[in-house]
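In what follows, a single structure is set out as structure tokens and then discussed.
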Amino acid sequence: MCIRDRVSTQSTGSYGEGVEHNLEQAERCLKKAADWDDVEAQTQWALQWLSKNETSTVDVSEARGYLEKAANQGGIMAQWHLTQQAFQKKENEEAFKWLTRMAAQGYTPAKLLHAEATAQGMKLPTMAEAQQWYQQKAAEEGAKPHCHHAWGRVQEEMGSLESARAAFQNTLAGQCHLVGLRRLRALARKENWTIDQEVQEALNLRAQVLPSIQWSKIEVQP
């Protein structure tokens, strides 16, 4: 379900009651945020664009481009969709690339699928390769806050909590990255806020679900 599906022209509850909803303005704002490299906006814009393809023939290359931008910053939801799409197209090498990168962040559904594929003797990128990819992304000049956040999640999965804390601190450089800030707060309080919880909360906020990934005899529903 995309943002368009959830917004009506009339208020249905006390929140926003009496305020006229402007879908065109909402779309413009979402697109602007996506162009400003906000991972969540990039993912939602891409999914909204792809939903149009269900009823009409549209160029989905733009949507894929935004998904790739979000995935290259470490966005789990974007990486999951790219993995699912690649498996549908029988592009296993591409699918396993994103699958391994999700697993490196500690996302449980991806780890389960990664382990099953490995057990079946499939050739996948190594965790070390995925970890190095995240490290390089975070080290790039002008790296976006979410690149540091993803690298922090990877280091958490590796058991390097102090290094992870430094990476999350870098998410606050230049602009406020609310997810990184929340992770720092959780670490300070010694609270366990996993990547699984982070993704599920984002999905719940929009009443969305990730599509199941089917490959060979493997099916994983996040």
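Any read-out appearing in this document is the output of simple, stated calculations on the displayed coordinates, not a laboratory observation. Computed from a predicted structure; not experimentally measured. For neighbour counting, all protein chains shown are included, and Cβ atoms are generated from backbone atoms with ideal geometry for every residue, glycine included.
Taking a ≥ b ≥ c as the square roots of the Cα gyration tensor eigenvalues, with a/c under 1.5 meaning rounded and otherwise prolate when a/b beats b/c, else oblate, which class fits the range 124-163? Judged from the Cα gyration tensor, the range 124-163 comes out oblate (a/c at least 1.5, b/c at or above a/b). Straight-line reach from K123: taking Cα to Cα under 25 Å and skipping same-chain neighbours fewer than 8 places apart, the lysines in range are K89, K90, K97, K111, K137, K217. Placing +1 on the Cβ of every Lys and Arg and -1 on the Cβ of every Asp and Glu, with no other charges, gives the range 80-165 a dipole of roughly 180 debye about its Cα centre. Charged side chains reduced to their Cβ positions (Lys and Arg at +1, Asp and Glu at -1) give the range 71-120 a dipole of some 60 debye around its Cα centre.
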